[in-house]
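S.K.: The structure that follows is given in the form of structure tokens.
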There are 2 protein chains.
Amino acid sequence: MPPRVTHERAECPVARAVDVVGDRWLLLIVRDAFDGISRFSDFQRNLGLAKNILSSRLRELVAQGILEVVPASDGSAYHEYALTRKGRDLFVLLVGLRQWGEDHLFEDDEPHSVLLDVRTQKPLQKLEARDAAGRVLTSTEAIVRKVQATS
Amino acid sequence: MPPRVTHERAECPVARAVDVVGDRWLLLIVRDAFDGISRFSDFQRNLGLAKNILSSRLRELVAQGILEVVPASDGSAYHEYALTRKGRDLFVLLVGLRQWGEDHLFEDDEPHSVLLDVRTQKPLQKLEARDAAGRVLTSTEAIVRKVQATS
């Protein structure tokens, strides 16, 4: 494959973010980490993913500071993968992916897993983009201001 | 390349969503569509993307019902790509990618484009996952309930 075009130095935060997390397996590994999975063998079993692909994605996630390698919680010689602060901050994105999937990728009567508030066992609110005063904003009510070229 | 593993029938809405939009170029095309880009040549110029890759991603976006092909707005013989309702519903995800990028992929003094409320010219609120009563939820306060196997 040709070397991947990167947006590491892009001035658009969406481009940089997409550059890091815009990958199917990587996002599913992060999803599993939020579900409490921490060991290589458990990621592999849950995702049905080839070892070499899982290894490379886990390495990338650690290199990006989204996961960190920690000693096994049971004191054994294994190590585990844990979400860092940067990784945990992807939670809202995973919620957004879930809600978009629920709204657009399932038939009305088709069963799917649900994300619940642990305390009340109720589903979360729908994510919404809001202005500084808390009013819901649609995409046509928001505009990107690009970085000015310095003269 | 081997055929891609798909999660089209997955019971997890995150897996189905990631299956559709978990791709770098596809997400950048959607970003550009939100920024008002609608023509092949403008996507190509803005993304610096090979024609064949752009074509395949646009075809995929149309097949998924995220973009639709519409007559050119200037009455010319060209056609344009417009976000459907399903596509516009990705707005909150793009906002989430942007905010995560802003928080974690830029130095404090590094310039980047900003997304503003058109009316007030102020940045949007930070997206947050909230429970049914509007309380902010962290990832550890939410749990996935899987679909029960039918007996």
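The values are calculated or read from the model by the stated rules, or taken from the named source; none is laboratory data. All of these numbers come straight from a predicted model, not from anything done at the bench. When we count neighbours, we look across all protein chains shown, and the Cβ atoms used for this are built from the backbone with ideal geometry, even at glycine. Keep in mind that these areas ignore ligands, DNA and RNA; they rest on the heavy atoms of the full protein, side chains included. Shrake-Rupley method; radii C 1.70, N 1.55, O 1.52, S 1.80 Å.
S.K.: Among the residues of the stretch B:27-35, is there at least one that is surrounded by 15 or more Cβ atoms within 10 Å (Cβ to Cβ) and touching a His at 6+ places or on another chain (Cβ under 9 Å)?
M.R.: yes
S.K.: Something else now. Got a number for residues in the stretch B:44-67 being more than 14 Å from every other protein chain (Cβ to nearest Cβ) and closer than 22 Å to B:ARG85 by Cα?
M.R.: Qualifying residue count, the stretch B:44-67: 5.
S.K.: Looking at (1) within 9 Å of chain B (Cβ to nearest Cβ); (2) within 14 Å of the chain's Cα centre (by Cα); (3) in a helix (DSSP H, G or I), which is the one condition that is false for A:ALA15?
M.R.: Checking A:ALA15 against (1) within 9 Å of chain B (Cβ to nearest Cβ); (2) within 14 Å of the chain's Cα centre (by Cα); (3) in a helix (DSSP H, G or I), the one that fails is (2).
S.K.: With the checklist (1) buried (at least 22 other Cβ atoms within 10 Å of the Cβ); (2) aliphatic (A, V, I, L, M); (3) farther than 16 Å from B:HIS104 by Cβ; (4) in contact with an Asp or Glu (Cβ under 9 Å, 6 or more places away or on another chain) in hand, flag the one item A:ALA17 doesn't pass.
M.R.: (3)
Residues checked against (1) among the hydroxyl-bearing types (Ser, Thr, Tyr); (2) open to solvent by less than 60 Å² (accessible area, probe 1.4 Å); (3) out of contact with any helix residue (DSSP H, G or I) (no Cβ under 7 Å at 6 or more places or on another chain); (4) not in a loop (DSSP other than H, G, I, E, B):
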{"residue": "B:ASN46", "(1), (2), (3), (4)": "no, no, no, yes"}
{"residue": "B:LEU54", "(1), (2), (3), (4)": "no, yes, no, yes"}
{"residue": "B:VAL62", "(1), (2), (3), (4)": "no, yes, yes, yes"}
{"residue": "B:VAL69", "(1), (2), (3), (4)": "no, no, no, yes"}
{"residue": "B:SER73", "(1), (2), (3), (4)": "yes, no, yes, no"}
{"residue": "B:SER76", "(1), (2), (3), (4)": "yes, yes, yes, no"}
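S.K.: Now for a separate question. Scan the stretch A:100-109 and give yes if some residue there is in contact with an Asp or Glu (Cβ under 8 Å, 6 or more places away or on another chain) and open to solvent by less than 20 Å² (accessible area, probe 1.4 Å), otherwise no.
M.R.: Within the stretch A:100-109 (the criterion being in contact with an Asp or Glu (Cβ under 8 Å, 6 or more places away or on another chain) and open to solvent by less than 20 Å² (accessible area, probe 1.4 Å)), the answer is yes, since at least one residue qualifies.
S.K.: Hey, another quick one. Within the stretch A:27-39, is there a residue that is at the interface with another protein chain (Cβ under 9 Å from one of its Cβ atoms) and of a type in the set (A, V, I, L, M)?
M.R.: Scanning the stretch A:27-39 turns up at least one residue that is at the interface with another protein chain (Cβ under 9 Å from one of its Cβ atoms) and of a type in the set (A, V, I, L, M).
S.K.: Taking A:ALA129 as meeting all but one of (1) open to solvent by 20 Å² or more (accessible area, probe 1.4 Å); (2) in contact with a strand residue (DSSP E or B) (Cβ under 9 Å, 6 or more places away or on another chain); (3) under 30 Å from B:ALA63 (Cα atoms), write down the number of the exception.
M.R.: The number of the failed condition is (1).
S.K.: Right, something else. Would you mind stating whether A:ARG24 is within 9 Å of another protein chain (Cβ to nearest Cβ), touching a strand residue (DSSP E or B) at 6+ places or on another chain (Cβ under 8 Å) and free of Cβ contacts under 8 Å to residues at least 12 places away in the same chain?
M.R.: yes
S.K.: Identify the residue in the stretch A:139-151 that is open to solvent by 50 Å² or more (accessible area, probe 1.4 Å) and within 7 Å of chain B (Cβ to nearest Cβ) and, among all such residues, is modelled with the lowest pLDDT.
M.R.: A:LYS146
S.K.: Then there is this: Exactly one condition in (1) in contact (Cβ under 8 Å) with a residue 24 or more places away in the chain; (2) closer than 16 Å to A:VAL95 by Cβ; (3) open to solvent by 20 Å² or more (accessible area, probe 1.4 Å); (4) within 7 Å of chain A (Cβ to nearest Cβ) is not met by B:LEU94; state its number.
M.R.: (3)
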